1. Taking region B:147-180 as the region of interest, how many residues are part of a helix (DSSP H, G or I) and surrounded by fewer than 13 Cβ atoms within 10 Å (Cβ to Cβ)?
2. Could you please let me know if A:Gln163 is over 12 Å from A:Asn106 (Cα atoms) and within 12 Å of another protein chain (Cβ to nearest Cβ)?
3. So is A:Phe52 in contact (Cβ under 8 Å) with a residue 40 or more places away in the chain, within 14 Å of another protein chain (Cβ to nearest Cβ) and under 18 Å from the mean Cα position of the chain (by Cα) or not?
4. Quick one: B:Pro19 ticks every box in (1) modelled with pLDDT under 90; (2) open to solvent by 70 Å² or more (accessible area, probe 1.4 Å); (3) assigned to a helix (DSSP H, G or I) bar one, so which box is it?
5. Any chance region A:113-128 includes a residue that's open to solvent by 10 Å² or more (accessible area, probe 1.4 Å), more than 22 Å from B:Thr241 (Cα to Cα), within 14 Å of chain B (Cβ to nearest Cβ) and polar (S, T, N, Q)?
6. So the check is Cβ under 9 Å with 6+ separation or different chains; which pairs have a first residue in region A:188-209 that's free of Cβ contacts under 8 Å to residues at least 40 places away in the same chain and a second one that's of a type in the set (Asp, Glu) and assigned to a helix (DSSP H, G or I)?
7. Find the residue count for region B:255-287, including only residues that are closer than 19 Å to B:Gly211 by Cα and within 14 Å of chain A (Cβ to nearest Cβ).
8. Limited to region B:53-92, what total is found for residues that are under 29 Å from the mean Cα position of the chain (by Cα) and either surrounded by 10 or more Cβ atoms within 10 Å (Cβ to Cβ) or closer than 14 Å to B:Ala34 by Cα (or both)?
Amino acid sequence: MNKEFNPEVMIEVIDLHKYFKDLHVLKGVSTKITRGEVVAVMGPSGGGKSTFLRCMNRLEEPSSGKIIVEGIDITSPYVDINKVRTEIGMVFQLFNLFPHLTAIENVKLAPMNVRKVSDAEATERGLALLEKVGLSDKAHNYPDQLSGGQQQRVAIARALAMQPQIMFFDEPTSALDPEMIGEVLDVMRAMADEGMTMVVVSHEMGFINEAADRILLLAEGVIVEEGTPEQIFKHPTQQRTQEFLGKILSV
Amino acid sequence: MNYESARANIPSHFIRSRPGWTYWIRRYEFIFVALALLVGYALFLLPGEDATPVNRGVSIGVFLLLVLAWSANILIDGEKSDWFKGAVAFGLVFVLCWLFYKYSGTKWDKLGRSFFNFAKMEGSWPQLFKGLLVTLQLAAISALFSILIGLILAVLRSFESPTLNIFLIAYLDLFRSIPMIVLMVFIYYALPYLGVALESVMATVLALSLGYSAYTAESFRAGIESIHFGQVEAARALGLTRLQTMRLVIIPQAIKVVIPPLTGNLVAMLKDTAVASVVASPELLKRAKEVYVGKANPTALVAAAIIYLIVLLPLARLANMLENRMKAR
């Protein structure tokens, strides 16, 4: 824990670099994410958005730089990354639910095996979470019996079951049919309203405009511009930002 | 839709000149008259035992050609029903067998006396069934060990440690390329020189377990690798350790993928227990050989073959069924 530890800073990223073999994907990214903040990460594909997110819970090993989560440098070899990950919920583009388990079993798995919560307690808490995402009637269905939007909501409940301090969303709606995007965004909006700290890689303009406190625009491995949705969408200062926004708005 | 309007939508050069017409050679009238003629040929024109070889050869050859032509005429016709084609195919096989029976010059009675003389087997059946029991026990115990060892090897392999992999790959390659009979003989006859003397049954179980654990490991590895990488990421992101991920997420899913090839392995292993007769394990083939020697009659070997078939055919079917069900999912 360093001296200047500020309890309001959840995650501090300092000069993060990531190489895949010779490919330099992240070229020195630095930012701070404070408690309760909703940060949207936008940018062209291949710009390093997902890699940035996945480095922050070390699903990808950072090549250099520091990532300080609640005062702990998680790139340090002394850190038990499994413990850190229990504080960070993650939702994936392709849901990645466990297909051999029912919705409630998906939600219970980590609390029971990592937090060693009793079956009864985990079930009770799991059902409450499924209720929260509007799926209490689907608790005993297997993932392949659920629609994409329902699967993604179960995945959110599964991540919440570990009572994380912060939630990462890696393009949570880009694999969904248009009519299912709303139900997932509603759940995310509710979480934001409850004060959950969130980092969201997404291009859902409406959601970002409404829920995000800050946008990071990541292109070619660097943060090109950052600011509130208002600033970024209405008065972008960088040409790269204008180009990118022009492309996604013209669709 | 009537015929005229159906035809109106078809370009003129695709329209049959004589709609509904069947070529005369494919009409049932012709087919059944030809069949009657073939039966007549078979009854009255095929030569007897006393015909000259040339006469026999020509006569049988012509008959065979006619039968094949008649069958082919039906089998290649897309408009005949499947059951009719099936009947024709079986009929063709029957005719070929019958020709072989009649003209191959085999001494059928002698063959029957030595290989199918089940009267001589009286009193020896219990011995064979005791052998079968040992065979099944050998297979069951070896299956258990090989699955256990195979699973451990596959899990170790999935850690992708370069150093560990050298040893694992060496093990897998060694036991997959060494013939079972060589392995068994080596373990039973050579290991005692190293101070490890195993009973024949133990040697058999060890050889089968080692040999088949390599195949089992490969099946498990394929199963583990078939699980989408996102599953591992999701589990790790929740804070599960590598081993928990393996135990709670990967293996339960991999098992379903692995069961069909594993069943196939078990069928092969059950068959390979017969090799154990060279190291004097008292299994089915060994027992059959004893009866063969005791009665001076090889019917026991045929009996053993039939017992193997009765046990293994359903298992082979089962493996096939499981595989098809996997593909259908």
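1. Narrowing region B:147-180 to residues part of a helix (DSSP H, G or I): B:147-158, B:162-177, B:180.
So of that shortlist, the ones also surrounded by fewer than 13 Cβ atoms within 10 Å (Cβ to Cβ) come out as B:162-164, B:166-167, B:169-170, B:173, B:177.
Final tally of qualifying residues: 9.
2. Values: over 12 Å from A:Asn106 (Cα atoms): yes; within 12 Å of another protein chain (Cβ to nearest Cβ): yes.
Criteria met by A:Gln163.
3. On the way: in contact (Cβ under 8 Å) with a residue 40 or more places away in the chain: yes; within 14 Å of another protein chain (Cβ to nearest Cβ): no; under 18 Å from the mean Cα position of the chain (by Cα): yes.
Considered against the rule, which asks whether it is in contact (Cβ under 8 Å) with a residue 40 or more places away in the chain, within 14 Å of another protein chain (Cβ to nearest Cβ) and under 18 Å from the mean Cα position of the chain (by Cα), A:Phe52 comes out as no.
4. (3)
5. no
6. Cβ pairs passing all conditions: A:Arg189/A:Glu210; A:Asn209/A:Glu230.
7. So the answer is 2.
8. Filtering region B:53-92 for residues under 29 Å from the mean Cα position of the chain (by Cα) gives B:68, B:71-72, B:75-76, B:81-92.
In the following step, the residues that additionally are either surrounded by 10 or more Cβ atoms within 10 Å (Cβ to Cβ) or closer than 14 Å to B:Ala34 by Cα (or both) were identified as B:68, B:71-72, B:75-76, B:84-92.
Qualifying residue count for the region: 14.
The values are calculated or read from the model by the stated rules, or taken from the named source; none is laboratory data. On a predicted model such as this, the values are computed, not experimentally measured, just so you know. Don't worry about glycine lacking a Cβ; one is built from the backbone with ideal geometry, like all the others, and counts go over all protein chains shown. Each accessible area value is taken on the protein alone, full model and side chains, heavy atoms only, with ligands, DNA and RNA left out. Shrake-Rupley method; radii C 1.70, N 1.55, O 1.52, S 1.80 Å.
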